[in-house]
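S.K.: Please find one structure pasted underneath; my questions will follow.
The values are calculated or read from the model by the stated rules, or taken from the named source; none is laboratory data. For clarity, every value in this text was computed on a predicted model and none was experimentally measured. Heads up, the Cβs are rebuilt from the backbone with ideal geometry, glycines too, and the neighbour counts pull from every protein chain shown. Remember, those area values only see protein heavy atoms, side chains included, never the ligands or the DNA or RNA. Shrake-Rupley method; radii C 1.70, N 1.55, O 1.52, S 1.80 Å.
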Amino acid sequence: YAYLTAPQYLELVGGLRDIERRTLARRIDKYLELFGLQSDVHTALSAFSKGMRQKVLISAALLHDPEIVVLDEPCSGLDVASTLILRRLVSSLASRGKTVIYSSHVMDMVEKVCDDVVILHKSHVVAHNSVDRLREVANAASLEQAFATIAVDQDVNGIGDELALVGSS
């Protein structure tokens, strides 16, 4: 769909979701406005940066006002301001009673936006609890440290230090 413009792509998605045309047009305009994409309405998605495409994909996920929102690495390519907006978006959706499934490798963001965390290791659930409880059980100051304790079976610090030295030897 890279040859489509953002409005065309969102119209396609909205049509598949059977959203009434006037409602769909209003929502598309609002998403493009809020994500700062109005000046690019005639530009093909193939010319968009990764962050711009990500904003269109987030808009597509929300177009039909779903009860369950699945976001997989939603910050990928986003600038800092858009990441902060996304953080608030997730909180606002949750406060409206929506279920948000947020999949990410960025533990700092997961810690800030999630109430309940499932940690996978080699395709298996190795932990499932609140952020606070996971930190407590792992005796860790952050979710990232808890994750390292629970699911990482490598010496990440040692490997990182060795990688830094490879070029100097």
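S.K.: What are the pairs, 6+ residues apart or on separate chains, where a residue within the range 50-67 that is open to solvent by 20 Å² or more (accessible area, probe 1.4 Å) has its Cβ under 7 Å from a residue that is part of a loop (DSSP other than H, G, I, E, B) and of a type in the set (V, I, T)?
M.R.: H64/I19
S.K.: Just give me the residues in the range 149-169 being closer than 22 Å to H124 by Cβ and not in a helix (DSSP H, G or I), in sequence order.
M.R.: Scanning the range 149-169 gives V152, D153, Q154, D155.
S.K.: Hey, among the residues in the range 1-28 that are open to solvent by 90 Å² or more (accessible area, probe 1.4 Å), touching a residue at least 12 places away in the same chain (Cβ under 8 Å) and closer than 19 Å to S39 by Cα, which one's farthest from the chain's Cα centre (by Cα)?
M.R.: Among those that are open to solvent by 90 Å² or more (accessible area, probe 1.4 Å), touching a residue at least 12 places away in the same chain (Cβ under 8 Å) and closer than 19 Å to S39 by Cα, it is Y3.
S.K.: For the subset of the range 90-128 comprising residues that are closer than 19 Å to A140 by Cα and in a helix (DSSP H, G or I), which member is most open to solvent (accessible area, probe 1.4 Å)?
M.R.: K112
S.K.: Exactly one condition in (1) assigned to a helix (DSSP H, G or I); (2) crowded, with 19+ Cβ neighbours inside 10 Å is false for P74; which is it?
M.R.: (1)
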